[in-house]
Amino acid sequence: MRITIADWDPRPQAKAAQADALADHAAAEQSDLVLLPEMPLSAWLAISPERDAALWEQSVHDHESGLDELGEQLGTGLAGSRPVLNAGGQPRNRAFLWQDSRFAAVRHEKAALPEEDGYWESRWYGAGAQQTAPLDWNGVRIGFAICTELWDPAHGCRLSQAGAEVLLVPRASPDLGTDIWVSGARALAVRTGCYVLSSNFAYPAGSFAFEGLSVAVDPDGEILAVTSEEQPYATVSVSAGAARDAKATYPRYVFDKIKKQKGAT
């Protein structure tokens, strides 16, 4: 499978040219799936400490309609996260995988919610239930970790042990002056034996800027691609077999052995 990671600017003035460029890239690279950042079709809502119900509702609508439009233009599947209201009417940040005008049944909602300047997430939506089993999609088993959840290796390991081969990490992370998120993706890949792919925003937002640095890492932690201002998109091939083979090697098998021993006692 061919998956594209993308730096993304959600501002209206960037939409048309950016979508055209990404469509050209996806076609040239024969991409099957484009991974977008966290809630990509509206400006980052949680930058404000005051929740605005009207802005939330508009963002929900923009994602429901805009993903169809973008997916048709790109001619690929789309993945990321989007704002939703759950069955109880409560706001959540939910992972999605879109193809052919419909959403796959991904049961993952962001559970790790920061509460600080620029990231007042717990004021905008509640923590949801995390995915416990990967989604089978076009011959690859996919798991999600939304932004901060990259730093929860227990979640990634549960998905890996349930059979995930690719972990998709849509995020909205600021420029910290380091490549810490790239390092985090590499560490998660090494621990889980999964491919780890992450796409991020890249635009100025209030007092800080989103850094871009979307990244794709193979199951042994080797960097396959990192985006930049000059090259905001990159497409890589993932192999379900390579991920399955990696899980039988160090350090994964050590921890799997420990888990089995504990389960037997």
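For segment 146-161, a tally of residues being closer than 23 Å to Arg92 by Cβ, of a type outside the set (Asp, Glu) and open to solvent by less than 40 Å² (accessible area, probe 1.4 Å) returns 6.
Only a single item in (1) over 22 Å from Gly241 (Cα atoms); (2) free of Cβ contacts under 8 Å to residues at least 60 places away in the same chain; (3) surrounded by 15 or more Cβ atoms within 10 Å (Cβ to Cβ) is not met by Ala185, and it is number (1). Could you say whether any residue in segment 63-76 is over 28 Å from Val238 (Cβ atoms), touching a Pro at 6+ places or on another chain (Cβ under 8 Å), open to solvent by less than 10 Å² (accessible area, probe 1.4 Å) and in a helix (DSSP H, G or I)? The answer is no, given that none of the residues of segment 63-76 is over 28 Å from Val238 (Cβ atoms), touching a Pro at 6+ places or on another chain (Cβ under 8 Å), open to solvent by less than 10 Å² (accessible area, probe 1.4 Å) and in a helix (DSSP H, G or I). Only a single criterion out of (1) modelled with pLDDT of 95 or more; (2) of a type outside the set (A, V, I, L, M, F, W, C); (3) more than 17 Å from Leu197 (Cα to Cα) is not satisfied by Gly143, namely (3). When segment 204-231 is filtered for residues that are farther than 25 Å from Asn138 by Cα, surrounded by fewer than 20 Cβ atoms within 10 Å (Cβ to Cβ), at pLDDT 95 or above and of a type outside the set (Asp, Glu), the ones remaining, listed by number, are Ser228, Gln231.
Regarding Arg171, is this residue free of Cβ contacts under 8 Å to residues at least 40 places away in the same chain, in contact with a strand residue (DSSP E or B) (Cβ under 7 Å, 6 or more places away or on another chain) and among the basic types (Lys, Arg)? Criteria not met by Arg171.
Residue check: is Ala54 of a type in the set (A, V, I, L, M, F, W, C), assigned to a loop (DSSP other than H, G, I, E, B) and open to solvent by 30 Å² or more (accessible area, probe 1.4 Å)? Talk me through it step by step, then tell me what you get.
Details: of a type in the set (A, V, I, L, M, F, W, C): yes; assigned to a loop (DSSP other than H, G, I, E, B): no; open to solvent by 30 Å² or more (accessible area, probe 1.4 Å): yes.
Spelling it out, it is not the case that Ala54 is of a type in the set (A, V, I, L, M, F, W, C), assigned to a loop (DSSP other than H, G, I, E, B) and open to solvent by 30 Å² or more (accessible area, probe 1.4 Å).
Restricting segment 232-265 to residues that are β-branched (Val, Ile, Thr) and in a strand (DSSP E or B), the residue that is surrounded by the fewest Cβ atoms within 10 Å (Cβ to Cβ) is Val236.
Is segment 192-202 home to any residue that is farther than 20 Å from Trp44 by Cα, out of contact with any strand residue (DSSP E or B) (no Cβ under 6 Å at 6 or more places or on another chain) and modelled with pLDDT of 95 or more? Within segment 192-202, one or more residues are farther than 20 Å from Trp44 by Cα, out of contact with any strand residue (DSSP E or B) (no Cβ under 6 Å at 6 or more places or on another chain) and modelled with pLDDT of 95 or more. For segment 158-181, the set of residues classified as over 20 Å from Phe96 (Cα atoms) and either touching a helix residue (DSSP H, G or I) at 6+ places or on another chain (Cβ under 9 Å) or among the hydrophobic types (A, V, I, L, M, F, W, C) (or both) consists of Gln161, Leu176, Ile180, Trp181, listed by residue number.
The values are calculated or read from the model by the stated rules, or taken from the named source; none is laboratory data. Quick caveat, the model's predicted, so the values are computed rather than measured. Positions of Cβ are backbone-derived with ideal geometry, glycine not excepted, and every protein chain shown enters the neighbour counts. Accessible surface areas use protein heavy atoms only, side chains included; no ligands, DNA or RNA. Shrake-Rupley method; radii C 1.70, N 1.55, O 1.52, S 1.80 Å.
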